[in-house]
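> Sending over a structure as structure tokens; questions will come in a sec.
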Amino acid sequence: MRARVLSAALAASLALGCGDKSGPEVVATEFAEPLAGALNQTFFYLNYVDEQAGTGIRDYACGVKTYNGHAGTDITLANFAVMDSGVPVLAAAPGTVVETHDGEFDRQKRWITGAVPNYVVLRHPDGVQSRYLHLKHNSIAVNVGQQVQASDVLGYVGSSGFSDIPHLHFEVHDADDALIDPWVGACGAQQSRWSVQRSYQDAFSLYGSGLTDADLTLDLVKDPPAQVTSFTVADPKVTMWVELMNAPAGTVTEFRLYRPDGALFFTASDTLPQFYSLSWWWGWHAIPGYLTPGVWRMQYRNDGVPLAERAFVVVDTGPLPSPNLQRMRAGRGGGGVGKPPF
């Protein structure tokens with residue numbers, strides 16, 4: 001989700017048209033929310049600017065909601081299904097469009113070095129520039145030279161360029177191209193650049209859960225797999241997945257499988273080794289020879305607290321197969337959004 005050098009034209013645009021610094025004082029630009037929708041429903045604040053020089057990470061609130069060298073604010077959608085519904089990217093302040101780029105693939109699920117995003121750059125009256133990256137393919141709704149007002153639609157959220165989840169990377173630079181962190185805090189800027197600065201977004205929550213018959217990978221679970229609630233005794237496995245926001249290091253995630261009579265049949269747990277702003281986890285169990293016909297339940301617990309439960313039926317389709325002892329009978333997996341390879 002890092003903003004790369006976008007193009008030679010963009011670099012040139014930063015040096016042009018900043019205006020004469022003499023004359024009447026220009027009011028400093030303040031920004032409004034750059035996405036349409038509801039906080040923690042449509043979108044989430046995922047990463048802030050990294051304030052720690054060199055190695056190590058530190059966001060404006062002295063927390064770890066960033067990664068090494070991150071130069072902007074990442075506002076993410078929960079998954080690609082939300083992206084497909086269309087989430088507008090809005091001009092965060094009045095300004096002039098100084099550059100756009102469109103036409104790039106918008107469904108990246110892994111960070112690919114050198115991938116180019118779709119983007120819009122605005123210049124504001126005080127010379128400050130705001131950049132809107134990773135937009136949806138062919139969604140840019142403005143042209144170079146166009147004047148825009150706050151809340152005008154610039155395009156739609158995508159996952160183009162160096163990206164692994166649909167999100168907006170919002171980045172601010174001054175007239176001399178120096179990075180501006182718009183967030184005021186103990187480890188951040190001394191003055192907020194937001195018209196209304198939101199509170200620090202680090203509260204833990206479970207966004208979604210489901211059952212599937214798919215062999216899950218991190219790429220696949222970002223595109224919510226179809227919900228499956230009926231299996232046969234011959235189906236290979238049943239898998240429950242969950243999506244978490246702001247899971248702290250040390251969190252114990254646990255999946256439990258209950259028999260039709262309510263007895264606990266299987267449990268798998270793990271302790272998260274680090275903080276994850278956004279992550280997906282899943283637990284699975286083989287069906288043939290293990291799960292008998294009836295209504296079973298899978299439950300997800302976080303630090304011992306049940307947060308999600310899904311019931312499913314196993315249907316008798318004939319003689320029960322013998323257990324496949326050559327394969328694992330159960331397991332768990334998952335992880336968070338990627339980290340850059342540097």
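> Residue by residue through the range 167-176, which ³J(HN,Hα) values in whole Hz follow from phi under the Karplus form 6.51 cos²θ - 1.76 cosθ + 1.60 (θ = phi - 60°), with glycine and proline marked x?
Running phi through 6.51 cos²θ - 1.76 cosθ + 1.60 with θ = phi - 60° gives 6, 9, 9, 9, 10, 10, 10, 7, 5, 9 Hz.
> For ILE180, list long-range residues whose amide hydrogen, built 1.01 Å from N in the peptide plane, is under 5 Å from its own amide hydrogen.
Result for ILE180 returns VAL172, HIS173, ASP174.
> Using the Cα centre of the range 179-260 as the reference point, and only Cβ charges (+1 on K/R, -1 on D/E), how large is the resulting charge dipole? Debye, rounded to the nearest 20.
In total the dipole reaches around 260 debye.
> Another question, if that's okay. As a test of the formula, what do you get for the chain when each DSSP H run with n ≥ 4 contributes -39,500 (n - 2.57) and the sum is divided by the residue count, at 222 nm and rounded to the nearest 500 deg cm²/dmol?
My calculation for the chain gives -1500 deg cm²/dmol from helical runs alone.
> If you don't mind, another one. Classify the range 39-145 as rounded, prolate or oblate from the Cα gyration tensor: take a ≥ b ≥ c as the square roots of its eigenvalues, call it rounded if a/c is under 1.5, otherwise prolate when a/b beats b/c and oblate if not.
Oblate.
> Here's a follow-up. Kindly provide the trypsin sites (Lys or Arg not before Pro) of the range 108-209 that DSSP labels as loop, not H, G, I, E or B, and whose Cβ sees at most 16 other Cβ atoms within 10 Å. Don't jump to the answer; show the numbers that get you there.
Working: sites: LYS109, ARG110, ARG123, ARG131, LYS136, ARG193, ARG198; in loops: LYS109, ARG110, LYS136, ARG193, ARG198.
The qualifying sites are ARG110, ARG198.
> Which distance in Å, rounded to a whole number, links the C-alpha centroids of the range 106-143 and the range 259-319?
One Cα centre to the other: 40 Å.
> Here's another thing I want to ask about it. With r as the distance between the Cβ atoms of GLN52 and ASP215 and R0 = 56 Å, compute the FRET efficiency 1/(1 + (r/R0)^6) and round to 0.05.
0.90
> Using only Cα atoms, what Kirkwood radius does the range 225-289 have, in angstroms?
Result for the range 225-289 stands at 13.6 Å.
> Assuming a ≥ b ≥ c are the square roots of the Cα gyration tensor eigenvalues, decide whether the range 153-271 counts as rounded (a/c under 1.5), prolate (otherwise, with a/b larger than b/c) or oblate.
Numbers: a/c = 3.67, a/b = 2.14, b/c = 1.71.
Note, shape of the range 153-271 comes out prolate.
> Lysine pairs in the chain with Cα distance under 23 Å, only those 8 or more apart or on different chains: how many are there?
10
> Could you state the accessible area per residue of the chain in Å², with a 1.4 Å probe and every protein chain left in place?
Accessible area per residue, the chain: 42 Å².
> Follow-up. With unit charges on the beta carbon (Lys/Arg positive, Asp/Glu negative), name the residue among THR271, LEU216, VAL295 whose Cα is farthest towards the positive pole of the charge dipole of the chain.
VAL295
> Residue-wise, which Karplus ³J(HN,Hα) couplings in Hz belong to the range 146-156, taking 6.51 cos²θ - 1.76 cosθ + 1.60, θ = phi - 60°, and x for glycine or proline?
Once rounded to whole Hz, the list reads 6, 8, 10, 9, 4, 5, 5, 6, 9, x, 10.
> Along the charge dipole of the range 230-297, pointing to its positive end and built from +1/-1 on Cβ of Lys, Arg, Asp and Glu, which listed residue (ALA247, PHE231, PRO260) has its Cα farthest out?
So the residue furthest toward the plus end is PRO260.
> Roughly how many debye, to the nearest 20, is the charge dipole of the range 125-186 about its Cα centre, given +1 on each Lys and Arg Cβ, -1 on each Asp and Glu Cβ, and no other charges?
Dipole magnitude for the range 125-186 comes out near 360 debye.
> Now for a separate question. If I stretch the segment between ASP303 and VAL27 completely, what's the gain in nm (0.36 nm per residue apart, minus their alpha carbon distance), one decimal?
94.5 nm
> Further question: Let me spell out the model: positive unit charges on the Cβ of Lys and Arg, negative unit charges on the Cβ of Asp and Glu, origin at the Cα centre of the chain. What dipole size does that give, in debye rounded to 20? Mind showing how you got there, number by number?
On the way: 24 positive and 34 negative charges, 216 e Å.
So the magnitude is around 1040 debye.
> Please say if the range 127-208 is rounded, prolate or oblate, where rounded means a/c under 1.5 for a ≥ b ≥ c the square roots of the C-alpha gyration tensor eigenvalues, and otherwise the choice is prolate for a/b larger than b/c and oblate otherwise?
Verdict is oblate for the range 127-208.
> How far apart, in nm, are two points set 7 Å out from the Cα along the Cα-to-Cβ line at ALA150 and at ALA249?
About 3.8 nm, to one decimal.
> I'm spelling it out carefully: the read-out is percent of Cα pairs over 32 Å apart, the candidates are [x] 28; [y] 32; [z] 38, and one was derived from this structure. Which label?
Answer by label: [z].
> Let me ask something else about it. I'd like the carbon and sulfur percentage of the solvent accessible area for the range 253-326, probe radius 1.4 Å, heavy atoms only, ligands and nucleic acids excluded.
52 percent
The values are calculated or read from the model by the stated rules, or taken from the named source; none is laboratory data. Predicted model only: the values in this text are computed from it and were never measured. So basically every Cβ, Gly included, is an ideal-geometry build from the backbone, and we count neighbours across all protein chains shown. Surface accessibility is based on the protein's heavy atoms, side chains included, excluding ligands, DNA and RNA. Shrake-Rupley method; radii C 1.70, N 1.55, O 1.52, S 1.80 Å.
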